[in-house]
Structure formats: structure tokens, C-alpha cells
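Undergrad: Quick one: this structure, given as C-alpha cells, is what I'll be asking you about.
The values are calculated or read from the model by the stated rules, or taken from the named source; none is laboratory data. For clarity, every value in this text was computed on a predicted model and none was experimentally measured. Counting neighbours? That spans all protein chains shown, and the Cβs are built from the backbone with ideal geometry, glycine included.
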Amino acid sequence: MTFCNAKADLFIPDQSDQNQAFARVTHLGIVSHQDDLEIAAYHGITECFRREDKWFGGVVVTNGSGSPRKGSYANFTDEEMMEVRKHEQRKAAFVGEYSVMVQLGYPSDEVKTSNKADVVADIFHILKQTQPQFVYLHNPADRHDTHVATFLRCLEALRSLPKQARPQKVYGCEVWRKLDWLLTEDKVMLWVDQYPHLIGALLSVFDSQISGGKRYDLAEEGIRRANATYFDSHTTDNTSALTFAMDLTPLIQDDALNPENFTVEFVDRLKNDIKDRMRKFA
């Protein structure tokens, strides 16, 4: 596959034929940064792990040049850091047995403003080649600017597909703004307890982040366990690990649906729930 960005990196962990590797993808994650996949799209990874009938594909849109660095990485240039992050993401793809791992290599600014058309074109071609059943994106209420911009580029690409080629489900997942604030009826509950060891193994390969003090491996295991326990106060736990997502499927079923209005309606429903609950006991 040829990408608009000449710096794009394609990795097929089991060295299968490229066309086969793309065509067999059933679950596709498209995110901004290296290690976002292993956090946001972890449900898709576990659904496909050790399976022959389901395959996970990963797409990282940006190049990792702005990554924080500390310790042994403190003096790395942006170019050196990009290479480190690229190889870390390849390692995670190997550990997680992904069908294909694409790193598009765009600077964040190009995703946000200056080169949006090329970003959308590359995402569109990946979607067209894979035609996944399930897609995992950043949720549009995330508090990281690049995540929100990536979500919008993905939505544009998805809406460019013919209706019959669009996925069955699109999930907006957690990274920098968690989704425990969603009303129960608005939450998509993604059980991620199949392989309790896997989250640590995947995130531990991102040494440039962990050695710098960002213990994503511990934090993500903890928050998944907390979600399972705190999800409901009146029932016993049915799973030991849970992540939350927004169901973004309506945005690809109705191209006229405004993504900003769609997202703010989740907040409006939360506001009304808070008001109604307080008024009951005032």
C-alpha cells in the first residue's frame, strides 16, 4: 500500500502477504500516538488475541516527535525519539499479534490543520483495504487536542466510504478523558478480562514513557479494575476489568449528524441527571 506520507511505516508481525494482512482485519484501532492503541483499543486487541477468525489492525497517525523524555532519553532529538517510538509500537504489535501495524508518521500540526486532506486520504485507504467490522477511535470529548483532531479526520474518512462498506460499530474510547461520567445508559461497557496479563505486557514495551515516570502499565490495569467495581453500587461485579466507550455508530449512519452536537448531548444528559437527582431530595 502506498501512503501520502513518505515516512509512513508498515509492519506485519507474522510476515503474511500484505493484501492478506489487511483483508483479514476485523477490528481496527485508529489513534494519535504510539501506545494509544494499547490503551484506547485494548478491547479490540483482546478480542482478536490468539484467534484465527478475528484479527486486530492498528493505525497510529502521528510521528511521536513531541513525546516527553527523561532519564536515558532526556537528550534524544525529535528524530531519535521518533525512531524509538516507532520501534516500541512495532514491539507492541508483535506482542499483541496484530495483523498489521501502520504508523502514518504525520506531525501533530498536520493532523490538526495544515495537511488534513492527506491524513484523511491515508485513513480512508486503510479503511477501504480492511473493511473492518469494528473500529476503535478516540472519543470526541477527549481533552487532548490531537486526539480530537484525529477523531475528526477518522470521521471524515469513514463518511467517505460507501454506506455498505462502513463498519458495524464505531467506538469512541478512553485515553486522556475517561468516560465514567457518562450516564449508565450512554456507556458502552467493554469487558477486557480475557487476558489479565496482556495489558502489562503491551504497555511495558513503551520504555521511553515508563522510564520517564509515566506508569501507564500500572495506571491502566488499575483503572480497568476500578471501573469494574465502581460501575454499579447495587450489584456484585460480573467482570474484573472494564473499559467504557461512546457508541459513535450513529455518526456513520447519518452523515448529516453534527459531531459537536452529538457529543454535547452526552453532557446535557449528565447535567439533567445531576439536577433531577438533587431536586428529588431538596
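Undergrad: Could you tell me which residue of region 194-208 is nearest to ARG143 (Cα to Cα), considering only residues that are out of contact with any helix residue (DSSP H, G or I) (no Cβ under 6 Å at 6 or more places or on another chain) and outside any loop (DSSP other than H, G, I, E, B)?
TA: Start the filter on region 194-208 by keeping residues that are out of contact with any helix residue (DSSP H, G or I) (no Cβ under 6 Å at 6 or more places or on another chain), which leaves 196-198, 207.
Of the ones still in play, those that are also outside any loop (DSSP other than H, G, I, E, B) are 198, 207.
Working: LEU198: 26, ASP207: 24 Å.
Among them, the one singled out is ASP207.
Undergrad: Something else: Which numbered condition trips up VAL135, out of (1) in contact (Cβ under 8 Å) with a residue 40 or more places away in the chain; (2) under 15 Å from the mean Cα position of the chain (by Cα); (3) under 21 Å from GLY64 (Cβ atoms)?
TA: It fails just one condition, (3).
Undergrad: Anything in region 111-134 that is β-branched (Val, Ile, Thr) and out of contact with any helix residue (DSSP H, G or I) (no Cβ under 7 Å at 6 or more places or on another chain)? List them, or say none. Full working, then the answer.
TA: Narrowing region 111-134 to residues β-branched (Val, Ile, Thr): 111, 113, 119-120, 123, 126, 130.
Matches in region 111-134: THR113, ILE126.
Undergrad: Can you tell me which residues in region 155-179 are loosely packed, with under 14 Cβ neighbours inside 10 Å and either closer than 29 Å to TYR216 by Cα or not hydrophobic (A, V, I, L, M, F, W, C) (or both)? Break it down stepwise before answering.
TA: From region 155-179, those loosely packed, with under 14 Cβ neighbours inside 10 Å are 162-165, 168; that's our starting set.
Matches in region 155-179: PRO162, LYS163, GLN164, GLN168.
Undergrad: Another question, then. Within the set of pairs 6+ apart or on separate chains, which have a first residue in region 178-193 that is among the acidic types (Asp, Glu), a second that is at pLDDT 95 or above and surrounded by fewer than 16 Cβ atoms within 10 Å (Cβ to Cβ), and C-beta atoms under 7 Å apart?
TA: If the second residue must be at pLDDT 95 or above and surrounded by fewer than 16 Cβ atoms within 10 Å (Cβ to Cβ), the pairs left are ASP186/ARG269.
Undergrad: Continuing with this model, one more query. Can you name the strands (runs of 3 or more DSSP E) wholly within region 100-193 that have at least 1 residues being modelled with pLDDT of 95 or more, closer than 29 Å to GLN18 by Cβ and of a type in the set (Lys, Arg)? Step through it out loud before you land on a result.
TA: Working: elements: 100-106, 134-138, 169-173, 188-191.
Ranges flagged: 169-173.
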